[in-house]
Structures are given as C-alpha cells and as structure tokens.
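One structure below.
The values are calculated or read from the model by the stated rules, or taken from the named source; none is laboratory data. Predicted, not measured: the structure shown is a model, and the values here were computed from it. Glycine gets a Cβ as well: all are built from the backbone with ideal geometry, and neighbour counts include every protein chain shown.
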Amino acid sequence: MPLRSPLYSQRKPLLAVVVLLGTGFVVISLLGYYAPHASVRDNLLKTLYLNLLIGVLITLIVLAILYRLLNSYQRRIDAQATLDNLTELPNRHGFNLLAVQALHEAQREPKSLSALLLEVDDFKRLDTLHGHVASDQLLAGFARDLADNLRHSDIVCRWSMEAFVILLKDTDGHTGLNVAEKIRLYIEKQRYFCSGKQLLVTVSIGLTTLQDEDSLHSLLCRADHALQRARQTGSNRTCVEMPHSSYE
C-alpha cells in the first residue's frame with residue numbers, strides 16, 4: 001500500500017466548503033422562489049449566481065493548489081522510501097525495484113549481467129577508532145566514488161552498513177572483473193578526509209554473473225559467497241563465483 005501524505009487530511013475542510021456552497025445555493029434559490037416581488041427575486045438570483053461563480057472559482061483554485069502540494073509531498077515520500085539518507089543511493093527497497101526489472105530485461109533478451117557485492121574492509125574497527133561522524137563521512141565519500149566509476153545505466157545501492165551492491169548491465173564476467181578491479185584499485189589510492197582525519201581504506205568484492213534460471217536471491221547469494229571468500233583470504237581483493245555454483 002503506498003504511503004499517503006498528511007495533506008490528504010485536508011479533504012475534510014474542502015468537502016465542508018463544497019457543502020456550504022451547496023447549502024447557500026439551496027437557501028438562496030428557495031428565498032428567490034418564495035420572494036413576493038419579481039425585483040427581489042431577480043436580485044436574489046443574481047446574488048446566488050455571483051456567489052456561486054465566486055465559490056466555484058475559489059474551489060477550483062484550492063483544488064489545483066492542493067493537487068500540486070499532494071503530488072510534491074507524495075514524490076518526496078516515495079523518494080524517502082527508496083533512498084538511503086546518508087549516501088543518497090537507493091536503499092534495499094529501491095534496489096529491489098530496479099534489480100527485478102534489470103533481471104527481467106536481461107533474461108528476456110537475453111543479455112549478460114554481472115553482480116558485484118562490495119564491503120569496506122575493517123569498517124567496524126574504523127568506526128570504533130574514529131567515531132560515527134567520521135565513518136559516516138567515509139561512507140558518503142565511498143558511495144560517490146562508486147557512482148563516479150560506473151555508467152548511468154548501472155545500478156548501485158547501499159546494501160547494509162558498510163556493504164554496497166552493483167548490477168552491471170550488458171556486462172559479462174570478464175568485463176565485470178575488470179570493472180571490479182578498477183573500483184578496488186581506485187578506492188585503494190583514495191584519501192578520505194573525515195572530521196579532520198585522513199582515512200585510507202580498501203574494499204573486498206564478490207563477483208558473479210547472471211544465469212538463465214537465476215532469481216535475484218540466487219544471484220546475490222553467489223555474489224555474497226564470493227565476497228566472503230575475498231574477506232577470508234586477506235581482503236582488498238576480488239573473488240569470482242563461477243556461474244554454475246548455487247548457494248540458496
């Protein structure tokens with residue numbers, strides 16, 4: 001069920017305005033009908049039509065303003081539901097919406113697609129050593145660097161605290177490995193200035209490619225298994241999970 005803006009509560013006052021206009025119309029019509037003199041009746045009817053016209057114009061203006069406000073607030077609510085506040089990347093919910101469509105397109109064509117799961121090495125130690133403010137600044141800068149090294153057609157999101165996921169469209173395993181290594185080496189050379197401190201970080205990456213029978217779950221499970229191997233074998237490296245492997 002979509003979220004609704006609090007401005008939807010303004011429907012009641014608007015309905016009250018419409019009811020008052022309708023009531024005024026009925027009252028003035030009755031007065032005009034029972035008026036003893038034609039001149040009085042004509043004046044009442046003129047007043048009725050003038051007030052009715054003014055009321056309709058005001059109602060239309062209010063409706064137009066309310067409609068624009070509702071749309072604006074609804075867009076902001078939708079964005080908040082699908083974006084990560086810190087990095088401004090899609091969150092898991094936003095990623096799921098984009099990824100399901102990307103998988104469907106890749107399997108329908110068919111086209112190649114590679115998935116990367118990345119994790120900042122030793123992030124918990126960095127967070128404890130330098131504090132939450134510095135680690136938040138680090139993640140925000142790391143997210144910007146990821147986006148800068150990708151195409152507009154690729155999908156990148158914040159997966160968890162220090163983990164990010166990327167879907168590379170029209171990308172086979174060999175090209176995906178080149179992209180992963182490019183990202184890893186770029187991050188290794190970066191300097192992140194956070195709360196007056198210079199932080200050096202590395203990243204571990206798990207890579208896999210889409211199979212015909214894959215779901216989003218099975219695809220990410222293989223990428224996660226590859227990431228765990230990268231972490232367990234020394235970090236700051238990319239490991240590839242072969243397409244025929246299955247981890248449910």
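A single entry from Leu139, Leu126, Leu86 fulfils the requirement of being in contact (Cβ under 8 Å) with a residue 12 or more places away in the chain, crowded, with 18+ Cβ neighbours inside 10 Å and touching a helix residue (DSSP H, G or I) at 6+ places or on another chain (Cβ under 7 Å): Leu126. Out of the residues in region 106-136 that are over 18 Å from Arg231 (Cβ atoms), part of a helix (DSSP H, G or I) and of a type in the set (A, V, I, L, M, F, W, C), which is nearest to the chain's Cα centre (by Cα)? The selected residue is Ala106.
Quick one: is Ile77 part of a helix (DSSP H, G or I), modelled with pLDDT of 75 or more and of a type in the set (Val, Ile, Thr)? Here the answer is no, as Ile77 does not meet what is asked. Does Leu139 satisfy being of a type in the set (A, V, I, L, M, F, W, C), closer than 17 Å to Leu220 by Cβ and either touching a Phe, Trp or Tyr at 6+ places or on another chain (Cβ under 8 Å) or not in a loop (DSSP other than H, G, I, E, B) (or both)? No.
Filtered by the rule that a residue be free of Cβ contacts under 8 Å to residues at least 40 places away in the same chain and assigned to a helix (DSSP H, G or I), region 147-156 gives a lone residue, Asp148. The sole residue among Leu199, Leu150, Leu210 that is assigned by TED's automatic domain parsing to the domain that holds His104, surrounded by 14 or more Cβ atoms within 10 Å (Cβ to Cβ), touching a helix residue (DSSP H, G or I) at 6+ places or on another chain (Cβ under 7 Å) and within 22 Å of Asn85 (Cβ to Cβ) is Leu199.
Can you name every residue in region 186-220 that is part of a strand (DSSP E or B) and among the hydroxyl-bearing types (Ser, Thr, Tyr)?
Selection gives Tyr192, Ser204, Thr208, Thr209.
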